[in-house]
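Below is one structure, written out as structure tokens; the observations come after it.
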Amino acid sequence: MLAKQLQGAALATQPVFVEEVFQSWLYTGNGSTQTITNGIDLSGKGGLVWLKKRGVGIGDHHLYDTNRGATFQLLSNGTNAQITRTTGLTAFNNNGFSIGAYSEINGNTDPQVSWTFRKQAKFFDVVTYTGNGTTQTINHNLGSTPGCIIVKGTSSVSSWRVYHTSLGNTQSAQLDSTAVPVTSAGYWNNTSPTSTQFTVGTNANVNDVGQTYVAYLFAHNAGGFGAAGTDNVISCGSFTTDGSANATVTLGYEPQWVLLKSSSSVANWFMLDVMRGFTSNDSSNTNPLLPNLSNAEASGSTNIKPTSTGFTHTNGSIGANTTYIYIAIRRGPMRTPTSGT
């Protein structure tokens, strides 16, 4: 009995590393079917897969999650309800996912990118719920207070509403728009989320009676990772550029993925990752993608450069005296190598 208890305790405290819960993965479409093996256990743990065509031409941002199931597609750059795409993402696997022949995510020879977020306490969670038209609280399993929550109605036309800790519980940003955040109790009922629940108000975009919704929850500096279980791997914060549009953000780690948006001006959202050019070697070729637009990957710069402890912005390309909100994910691998291979 004691041996079993000790074994159970060891399993309960088994270290978790960022490479087990997040991957930016590049692939080339083949016009048929293929399996993406990125090492993320989606069938056993659950999570979200975000897909985008990188090359020339229009290509929507396609989001699939395990709560809603394979083939159920949402577009971050659109307000439509989810649709069933039988040739889209077809399966969540224990080491990645499978896709069909849908041209926007698997067009022959088209360069593609995928971002996979696995459910994990103190990192990421997915929740679905049904609106009631009045204020309600929604349970979650993030195991910490969310730093960002992105909500989308799945059964009707609605905008993507964003809670961010730097905006507070009175404001809501919009993922599918360039608009500045709006102030209204209708989104979060002026109530901050907790480590077990978040609150939605009466606005139809987050809580229309009888409509269904999905919420993606991102942790903020909650620890829980690494050999000691104390390392942060995800941060939700803000920064303000100076008169020369310079800023330095300290995270305590080098980021591999950043999502950011001006909260003080009309502007696009930007998504950067190390697989597509967001590296400390060169800040002039970050190749941003824009979650609110179907545009191809931009061949150019946001002038944001990762450092060993965070990231910097220089040279004025995203605006002087401007405030930005962001989500950043730590670069891996974190696990100590056990062999030269």
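At-a-glance table
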quantity: Amide H contacts under 5 Å for residue 232, placed H, 5+ residues apart; calculated: 223
quantity: Count of lysine pairs in region 1-156 with Cα separation under 21 Å (8 or more residues apart, or interchain); calculated: 5
quantity: At q = 0.11, 0.20, 0.22, 0.24 Å⁻¹, base-10 log of I(q)/I(0) for region 238-341 (Debye sum, equal scatterers on each alpha carbon); calculated: -0.33, -1.01, -1.21, -1.42
quantity: Built amide H within the under 5 Å cut-off of residue 322, gap 5+; calculated: 241
quantity: Charge dipole of region 61-219 about the Cα centre (unit charges at C-beta), most positive-ward option of 197, 218, 150; calculated: 197
quantity: Heavy-atom accessible area order for 157, 249, largest first, 1.4 Å probe; calculated: 157, 249
quantity: 5 angstrom amide H check on residue 334, placed H, neighbours 5+ away; calculated: 18, 19
quantity: Rg and Dmax [Cα atoms of region 36-111; Å; Rg one decimal, Dmax integer]; calculated: 12.0, 35
quantity: Phi-based couplings in Hz for region 295-305 (Karplus 6.51, -1.76, 1.60; Gly and Pro marked x); calculated: 4, 5, 4, 6, 8, x, 10, 9, 6, 9, 10
quantity: Sum of -39500 (n - 2.57) over DSSP H runs of 4+, divided by residues of the chain (222 nm, nearest 500); calculated: -1500 deg cm²/dmol
quantity: Dipole magnitude (debye, nearest 20) for the chain, charges at Cβ of Lys, Arg, Asp, Glu; calculated: 360
quantity: Over 15 Å [Cα-Cα, region 104-166], rounded percent; calculated: 68
quantity: Whole-number percent relative contact order across region 147-203, with pairs defined as alpha carbons under 8 Å at least 6 apart; calculated: 23
quantity: Sequence ranges 16-22, 34-40, ranked by mean other-Cβ count within 10 angstrom, highest first; calculated: 16-22, 34-40
quantity: List 45, 53, 152, ordered by accessible area with a 1.4 Å probe, largest first; calculated: 45, 53, 152
quantity: Length-normalised contact order of the chain in % [C-alpha pairs under 8 Å, at least 6 apart]; calculated: 17
quantity: Residue-by-residue Karplus 3J(HN,Hα) for region 164-169, coefficients 6.51, -1.76, 1.60, Hz, glycine and proline x; calculated: 9, 4, 6, 8, x, 8
quantity: Simple label model, 7 Å out from Cα along Cβ direction - residue 84 to residue 185, nm; calculated: 4.2
quantity: Per-pair calculated FRET efficiency, R0 = 45 Å: residue 194 and residue 28 via Cβ, rounded to 0.05; calculated: 0.55
quantity: Accessible surface of region 40-104 [probe 1.4 Å, protein heavy atoms]: carbon and sulfur percent; calculated: 48
quantity: Highest-first arrangement of 198-207, 290-299, where packing means the average Cβ count within 10 Å; calculated: 198-207, 290-299
quantity: Per-residue HN-Hα couplings for region 199-207 [Karplus 6.51, -1.76, 1.60; θ = phi - 60°; Hz; x = Gly/Pro]; calculated: 10, 10, x, 9, 5, 5, 5, 10, 6
quantity: Area of residue 66 that stays accessible when all protein chains are in place (1.4 Å probe, Å², to 10); calculated: 40
quantity: Among [x] 133; [y] 194; [z] 142, the entry that matches volume of the Cα convex hull per residue in Å³ as calculated here; calculated: [z]
quantity: Segment residue 204-residue 293, extension gain: residue separation times 0.36 nm, minus the distance between their alpha carbons; calculated: 29.7 nm
quantity: Region 28-167: radius of gyration over Cα atoms, expressed as a fraction of 2.2 N^0.38 Å; calculated: 1.08
quantity: Per residue accessible area of the chain, 1.4 Å probe, in Å²; calculated: 39
quantity: Virtual paramagnetic centre 7 Å along Cα→Cβ of residue 178, amide N under 16 Å, in region 261-305; calculated: 261-271, 289-296, 298
quantity: Fraction of accessible area attributable to carbon and sulfur, region 180-288 (%, probe 1.4 Å); calculated: 45
quantity: Relative contact order (%) - region 51-133, alpha-carbon pairs under 8 angstrom, separation at least six; calculated: 28
quantity: Sorted peptide list for 250-259, 223-232, criterion being average Cβ within 10 angstrom, highest first; calculated: 250-259, 223-232
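The values are calculated or read from the model by the stated rules, or taken from the named source; none is laboratory data. What you see is a predicted model; the values in this text were computed from it and never measured. Cβ sites come from the backbone with ideal geometry, for glycine too, and all protein chains shown count toward neighbours. Surface areas here come from the heavy atoms of the whole protein model, side chains and all, with no ligands, DNA or RNA. Shrake-Rupley method; radii C 1.70, N 1.55, O 1.52, S 1.80 Å.
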